[in-house]
Every structure is written in structure tokens, then in C-alpha cells.
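The next block holds one structure in the form of C-alpha cells; read it before the comments.
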Amino acid sequence: MPGRLFLGTPAEHVAAERPRQNIAPGQQIITLTEAGLKLMRWGIIPVGRVNARGRPVMETLINARSETVFDKTAYEGVGRAVVPVSGWYEWTGETRRKTAWRIADRDGGPLFFAAITDVWNAPGGMEVPQVATVTCPPNEDVAPIHHRMGVLLEESDVAGWLTGSEEEARVMMRPWPNGRLRIEEATGVDWNAP
């Protein structure tokens, strides 16, 4: 389940944005919507939404579970988007002794996370477009590191995720095929850098 992202693809291939090695929740990320590329805040603030018990959802949601994204009232009315990345990070180990792992396409190509979008109406009338990635159980590559992974889309499925029916989108929410990711210890990353 993505907790941090990185985007090393040259800016002209994605948008007028510099490569970033440490993209944290709450920051602006490049997002592809049906209307085109947009910058959105990573994390959905589900103001006015309630959980299954009727209580307000209070936390910012950076990931949405594929098993419930179309069923939970917290996600009612959201749109779909794609987050293009070069990869993401996961951590293993004990607190204060964690090992960071960099996960990327085996051949160095871009990855496309399935995502959902919403707009937060902030105080003062400001509208904040926001996005959360969709997660699923891990494939065999990611399972030793984390119990979830982001739903990755084939480039040929991007348009279908954005505009297809809910049934078509459900079929796409599955673990990435085994053997297509490269996982290595993440060294030289300044975790405090934006």
C-alpha cells in the first residue's frame, strides 16, 4: 500500500513538474483524470461522510481498499483517476530501525496507480481537488514487505479505468502480475526533503 511515492520520469513526459524522490501524503501530485492532467492533494478529507456505524469519517484517507471502494458510504460520489509514478516505498522492521524499500517497474518504465478523486470544500470557499490510491492484496513480489499494494494498471487499461463502468473497473482491481517489479533497499533518500 503506497505510503510514499517517487517520480523520476522526465517532466515533459508527465507534466511540467520536476522529478521528486520523496512524495508524501498531503502534497500535490500529478493526477490523470478524464479531463486531463491535474495537480491534486494526495489524501481525501471525507468531510460529511460517515462510516458503516453512521459516525463521521475523521482521518485523511490516502489509500482506499479495492474490496470496499465502490461500496462504502465514505467513498460515495467519488470520481476515478490515475496516478503516474516511477514507484513507491514501503518499510519493514521495528520502530526506529525500519528498512525502506524502493519498489519500481522491473524494466524502469512508469507505473499507473488506480485512484479515486474528490473535492474538499475548505473554509472560505476554496475547493481542493484530492486523490487517494486504490489498494489490493499484494502479489508475490510485495508480500514479504507489505500486506497491501496499490492497484497498478496496464497502460492499455488507463482509459478503461477512467471512463469504464464500475463492473469493468472492478476487474482491474487485482494484484500486479508476479515478477514485474524490482524491489531494492532505498538508500540515499532524504526523507525530510519535499
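Observations
- Evaluating Pro84 against the criteria (1) at pLDDT 80 or above; (2) in a strand (DSSP E or B); (3) out of contact with any helix residue (DSSP H, G or I) (no Cβ under 7 Å at 6 or more places or on another chain) leaves one unmet condition, (3).
- Contact map, segment 22-36: residues that are closer than 22 Å to Leu162 by Cα and among the charged types (D, E, K, R) paired with residues that are assigned to a strand (DSSP E or B) and at pLDDT 90 or above, Cβ distance under 9 Å, separation 6+ or inter-chain. Pairs shown: Glu34/Gly79; Glu34/Arg80; Glu34/Ala81.
- Any hit, segment 114-121, residues being loosely packed, with under 14 Cβ neighbours inside 10 Å, more than 18 Å from the chain's Cα centre (by Cα) and modelled with pLDDT under 95: yes
- Any hit, segment 103-113, residues being at pLDDT below 90 and touching a strand residue (DSSP E or B) at 6+ places or on another chain (Cβ under 8 Å): no
- Pick from segment 136-179, criterion touching a strand residue (DSSP E or B) at 6+ places or on another chain (Cβ under 7 Å) and charged (D, E, K, R), ranking: farthest from Phe113 (Cα to Cα): Asp141
- Positions within segment 134-180 being charged (D, E, K, R), surrounded by 13 or more Cβ atoms within 10 Å (Cβ to Cβ) and over 23 Å from Trp42 (Cα atoms), in sequence order: Asp141, Arg180
- Residue in segment 72-81 that is buried (at least 19 other Cβ atoms within 10 Å of the Cβ) and closer than 24 Å to Asn178 by Cβ present: no
- Residue count for segment 72-93, restricted to those that are more than 14 Å from the chain's Cα centre (by Cα), of a type outside the set (Gly, Ala, Ser) and under 21 Å from Asn22 (Cα atoms): 2
- Only one of Glu184, Glu168, Glu140 that is of a type in the set (Asp, Glu), closer than 24 Å to Ala35 by Cβ and more than 15 Å from the chain's Cα centre (by Cα): Glu168
The values are calculated or read from the model by the stated rules, or taken from the named source; none is laboratory data. Quick caveat, the model's predicted, so the values are computed rather than measured. Cβ coordinates were reconstructed from backbone atoms using ideal geometry, including for glycine residues, and neighbour counts include every protein chain displayed.
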